[in-house]
1. Let me know the shape class of the chain, please: from the alpha-carbon gyration tensor, a ≥ b ≥ c as square roots of the eigenvalues, rounded when a/c is under 1.5, otherwise prolate if a/b is greater than b/c, or oblate.
2. Among Ile83, Ile54, Tyr170, flag the residue with its Cα farthest along the positive direction of the charge dipole of the chain, charges on Cβ as +1 for Lys/Arg and -1 for Asp/Glu.
3. Could you work out what % of the accessible surface of segment 115-167 is carbon and sulfur, using a 1.4 angstrom probe and leaving DNA, RNA and ligands out of the count?
4. Percent antiparallel among DSSP beta bridges with both residues in the chain, to the nearest 5?
5. What is the sum of charges, Lys and Arg at +1 and Asp and Glu at -1, for the other residues whose Cβ falls under 10 Å from the Cβ of Tyr170?
6. With 18 Å as the limit, write out which pairs from Lys63/Lys106; Lys19/Lys106; Lys19/Lys118; Lys137/Lys157 have Cα-Cα distances beyond it, or answer none.
7. Quick check: at a probe of 1.4 Å, how many percent of the accessible area of segment 8-114 sits on carbon and sulfur atoms?
8. Just the accessible area per residue of the chain, please: how many Å² with a 1.4 Å probe?
Amino acid sequence: MIKFALVEDALEMHEVVVKLIENTMNSMNVEWSCRCFDSSETFISDSEIASFDILLIDIELPKMNGIELAEWVRMNTTGNSIIFLTSYVHYMKDAFGLNVHSYVLKEHMSQELPGLIKELITIKELQEFRKINFRTKFGDVQMSEEDIVCIKYENRKPVIHTQNRQIIIY
């Protein structure tokens with residue numbers, strides 16, 4: 001299941017984008033869901049932020065703009081991909097350095113967005129193959145290679161360090 005979040009203040013765009021997602025995902029036979037938000041603030045207040053795989057963010061949003069939202073997302077979540085949607089070319093330079101997957105002009109969205117979604121699905125599928133299993137005293141643990149920060153030996157046992165925890169291997 002691929003979970004999308006659309007953050008777009010123009011409500012008429014919600015239906016357009018969701019239809020593009022629906023057509024693309026159905027053509028790939030991939031289960032999906034999409035939640036739509038009309039502002040950065042409603043997105044941030046959602047309790048399921050960390051569960052979204054792909055974020056489609058309009059750059060020109062009231063109050064907290066899309067670039068500020070992407071900065072917030074990068075500081076507070078992991079594992080998601082961001083695609084910026086906008087009507088203005090001049091914002092492209094501001095998007096660099098935020099580790100976003102792509103930048104799509106709304107006028108080209110119907111041509112470009114399906115290919116970008118397919119690309120991200122392929123990347124996600126490849127990442128699923130890069131999982132590692134470890135045996136701990138609490139049972140088996142599976143994690144992605146990208147989650148491992150370092151592995152150290154402590155008291156003759158390997159200890160895996162991630163950003164959130166330490167796991168002792170037995």
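1. Here the chain falls in the prolate category.
2. Toward the positive end, the furthest listed residue is Tyr170.
3. For segment 115-167, the apolar C and S fraction of the accessible surface comes to 46 percent.
4. Antiparallel bridges make up about 45 percent of those DSSP assigns within the chain.
5. Taking every other residue near Tyr170 into account, the sum is +3.
6. Violating the 18 Å limit, Cα to Cα: Lys63/Lys106.
7. 51 percent
8. Per residue, the chain has an accessible area of 60 Å².
The values are calculated or read from the model by the stated rules, or taken from the named source; none is laboratory data. If you're wondering where the values come from, they're calculated on a predicted model, not measured in any experiment. Here Cβ is always computed from backbone atoms with ideal geometry, including for glycine, and neighbour counts include all displayed protein chains. In case anyone asks, the SASA skips ligands and DNA or RNA and just uses the protein heavy atoms, side chains included. Shrake-Rupley method; radii C 1.70, N 1.55, O 1.52, S 1.80 Å.
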